[in-house]
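Visitor: Okay, handing you the structure first.
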Amino acid sequence: MPSTPGPPTEIPLLRMRGIRKSFPGVKALKGVDLTLQAGEVLALLGENGAGKSTLIKILGGAHQTDEGTIEISGQPASVATPQLSQASGIGIIYQEFNLVPYLTARENIFLGQEPGRISFIPKRKESAKARDLFERIGIDIPIEAECRQLSIAQQQIVEIAKTLAQNARIIVMDEPSAALSPRETKGLFRVIDELKSNGIGIIYISHRLDEIFEVADRVTILRDGEHIDTRPITSLTREKMIELMVGRSLEKEFPKREATLGQARFEVTNLRRGSRVRGVSFNIRAGEVLGLTGLVGAGRTETARLLFGADRPEHGVIRLDGKPLKIKSPRDAIRQGICLLTEDRKTHGLVLGQTARENFGLPNLSQFASLGFIRQREESREFLRYVDQIQIKIADPEQITGTLSGGNQQKVVLAKWLQRNAEVILFDEPTRGIDVGAKYEIYQLINQLATEGKAILMISSELPEVLGMSDRILVMNEGRVTGEITDVAQATQEDIMNLATSRETLAA
C-alpha cells in the first residue's frame, strides 16, 4: 500500500476544470475535472478511447482545450504549447521514450536546455547535476553511457531525471511499467515514493490494475470522455474499479471455459538458438491454451520467433499433427498453419500508416489478388465479416490503422490470421497496453479459438492473466523450461515466480 500523502491543502498543485475537446466527429472530452495534490500519486484510469491520452496531451501542450481552465498552485496556467507546459513545471513521460539512442544519459537529460545558440556546453556542470539528479532519485546510472546501452528500466530513470532537470513539479507517467520486469517495477515504485517525499505530484496511467493498489493514493476514472468518479484507493476494490471503467460489472475478469482437450497437435523438441533458447521442448493439445511465462529475458519471445521462422534455430524439431515442419521464414510458418501475434504489434504486427483493410489483406494477398491486381471489394467484404464477428470498432475498412485503439489494432492482427485459418496461434503479450474491457473480449476470442480445436500458446508476463486463462503453464528462465504447472486452479503467483528464478531445467 502506498504511503499516505500529507493532509490535502486547500489549493491543489494542479486543477483542471471543465476540460472539453472535440475532433471531427468525436467528442473526446466532455467537461472533465481533475485535481492533483503535491506529494500524491493520482491514478488516471479508463478504457482505450476514454479520453486519458487527450487529457494528458492537453496538459502537455500537444492539444489545446476547446473549453476549460487549468490552474497550477491556484494560479491560471497557460499550457498551449509543449514549451509553455514545460515552463509551468509539467513533465510527461510517454510509454515510448523520447530519448536519442546514440547520446549519453547526460546529453539526453540536458538536450534542449543549452544556454544559447552559440556557446559551449558546460559538460562539468551537467555531469555534476546529472549525478545529483540520480542521487536524488536513489539510483546510480552511468551518466556517460549511451542510452541504447542502458536497460529499459535505466532509460526510464533517465526520462525521470530529464523531467526533474526541467524543474518539473508535476510528472505524468504513461504505462511506465509496461516493459519492466516485476523487480524493475518495484524499483520504479521506490523512485515514485522518493519523488512524492519531495512534494512532486504524479499522474500515473496504467492498465495493470494490481499495481494501482500498490502505488496510487487516489484514482480518477474516465469513461467515454466523461469524469466518472474520483476516490481514495482505500475505498475501491478491483471489481468496483473495473465496473466504473467499463460501465458494467464483469462476472469474471478471465472468462474461463470448460476445456475439452484432444491429442497433441503441436510438438516442439529440443529447440535451440545460442544462449537465448536452450533445449526447449513442449507440446500443445487440440483445444488447449498453454501459458508460457518467465521474467524479462527468459527466452519467451525468442522461442516464439523461432517457431514462426523470424529467427533460424540451430537445432530442434517442430511437428504439427505428427508431421515434421520445415520452417525457414515466416512465410513458411504461415503456409504451414502457424501465426504469431507479436509482442510489439505496432512495430512488427501492423503497418500503422495503411488502412485496416490493407493490413488485413497483407498475409492473404494470394486470396484477393489476380494478375497483379487486388480485388479490394472482395477484400473489404471478407474483412467486414470479421469486423462483425470479433467486434472491431472501426468507422470503415479504409480507416488508418494507427488511429485505432490498442484493442482494436490487436483485433485487426487477429482477423488477418483467422482468414488464414491458422491451426497454431502464438499470442505474445496479447493484452499489453489494452484496457480491461478490450482484454475481456480478447480472452473470449482466445477461448473461442481453443474451442474450435486450435493449439494456443499464450506468452504473458502478467501472472494473473496466465493463471486465469491457461490450461497448463510452462515457466522459463535463462532460455530453459524450468517448470510446468498442470493444476493451474491451485497454483499461485508465488509458485510461478519460484520456477521463474530456478536454474533447474525441466526434463523433456
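The values are calculated or read from the model by the stated rules, or taken from the named source; none is laboratory data. This is a predicted model, so every value here is computed, not measured. Don't worry about glycine lacking a Cβ; one is built from the backbone with ideal geometry, like all the others, and counts go over all protein chains shown. For accessibility, only protein heavy atoms count, side chains too; no ligands or nucleic acids. Shrake-Rupley method; radii C 1.70, N 1.55, O 1.52, S 1.80 Å.
Visitor: To the nearest whole percent, what portion of all C-alpha pairs in the stretch 135-237 is separated by more than 16 angstrom?
Guide: 61
Visitor: I need the peptides 341-347, 454-460 ranked by packing, meaning the mean over residues of other C-beta atoms within 10 angstrom, with the highest value on top.
Guide: 454-460, 341-347
Visitor: Do you know the relative contact order of the chain, to the nearest whole percent, from alpha carbon pairs under 8 angstrom that are 6+ apart?
Guide: On the way: 1009 pairs, mean separation 78.2, N = 508.
Across the chain, relative contact order equals 15 percent.
Visitor: What order do you get for 349-355, 70-76, 38-44 when each peptide is scored by the mean count of other beta carbon atoms within 10 Å, highest first?
Guide: Descending packing order for the listed peptides: 38-44, 349-355, 70-76.
Visitor: Taking the convex hull of the Cα atoms, report for the stretch 284-361 its projected area averaged over all directions, in nm².
Guide: Across all orientations, the stretch 284-361 yields a mean hull projection of 6.6 nm².
Visitor: Determine the percent antiparallel among the DSSP beta bridges restricted to the stretch 407-508, to the nearest 5.
Guide: Around 50 percent of the beta bridges assigned by DSSP in the stretch 407-508 are antiparallel ones.
Visitor: What area, in nm² and to one decimal, does the C-alpha convex hull of the stretch 41-192 cast on average over all directions?
Guide: Hull-based average projected area comes out at 10.4 nm².
Visitor: Also: Starting from the 7 Å offset along Cα-to-Cβ, what nm value, one decimal, do you get for the label separation of D344 and L384?
Guide: 3.6
Visitor: Taking just the alpha-carbon atoms of the stretch 4-102, what radius of gyration and Dmax come out, in angstrom?
Guide: Calculated on Cα positions, Rg and Dmax stand at 14.2, 45 Å.
Visitor: Three principal axis extents, largest first, for the C-alpha atoms of the stretch 180-231, in Å?
Guide: Taking the Cα atoms of the stretch 180-231, the three principal extents are 33, 27, 15 Å.
Visitor: Here's something else I'd like to know. Based on the Cβ-Cβ distance from S329 to E71, what FRET efficiency comes out when R0 is 56 Å, to the nearest 0.05?
Guide: Here the calculated transfer efficiency is 0.45.
Visitor: Going by average Cβ density within 10 Å per residue, which order do the peptides 287-299, 258-270 take, highest to lowest? Walk me through the numbers on the way to the answer.
Guide: On the way: 287-299: 23.0, 258-270: 15.3.
Ranked from most to least packed, the peptides come out as 287-299, 258-270.
Visitor: Can you give me the accessible area per residue for the stretch 411-508, using a 1.4 Å probe, in Å²?
Guide: Accessible area per residue, the stretch 411-508: 34 Å².
Visitor: Does anything in the stretch 463-485 have its amide N under 11 Å from the 7 Å Cα→Cβ label point of R238, and if so which residues?
Guide: Output list for this probe position: 463-468.
Visitor: So what's the projected area for the stretch 226-270, the Cα convex hull averaged over all directions, in nm²?
Guide: Result: a mean projected hull area of 7.1 nm².
Visitor: Another question about this same structure. Return one whole number: the accessible area per residue of the stretch 297-344 in Å², for a 1.4 Å probe.
Guide: Result: 50 Å² of accessible area for each residue.
Visitor: Continuing with the same structure: What percentage of all Cα-Cα pairs in the stretch 331-408 are separated by more than 22 Å?
Guide: Counting every Cα pair in the stretch 331-408, those more than 22 Å apart make up 25 percent.
Visitor: Taking all protein chains as present, what is the carbon and sulfur share of the accessible area of the chain, in % to the nearest whole number, probe 1.4 Å? Intermediate values should be presented prior to the final figure.
Guide: Working: 11330 of 23530 Å².
That share works out to 48 percent.
Visitor: If you don't mind, another one. Once the piece of chain linking D210 and A145 is laid out straight, how much longer is it, given 0.36 nm per residue of separation minus the C-alpha distance between them?
Guide: 20.0 nm is the gain from fully extending D210 to A145.
Visitor: Roughly how much of E184 is accessible, in Å² to the nearest 10, using a 1.4 Å probe?
Guide: Accessible surface of E184 is approximately 60 Å².
Visitor: Suppose only helical runs count, i.e. DSSP H with n ≥ 4. What mean residue ellipticity at 222 nm does that imply for the chain under -39500 (n - 2.57) per run, divided by all residues and rounded to the nearest 500 deg cm²/dmol?
Guide: -9500 deg cm²/dmol
Visitor: Of (i) 194; (ii) 172; (iii) 152, which is the value of volume of the Cα convex hull per residue in Å³ derived from the coordinates here?
Guide: Answer by label: (ii).
Visitor: Give the Cα extents of the stretch 404-483 along the principal axes, in whole Å, largest first.
Guide: 37, 27, 20
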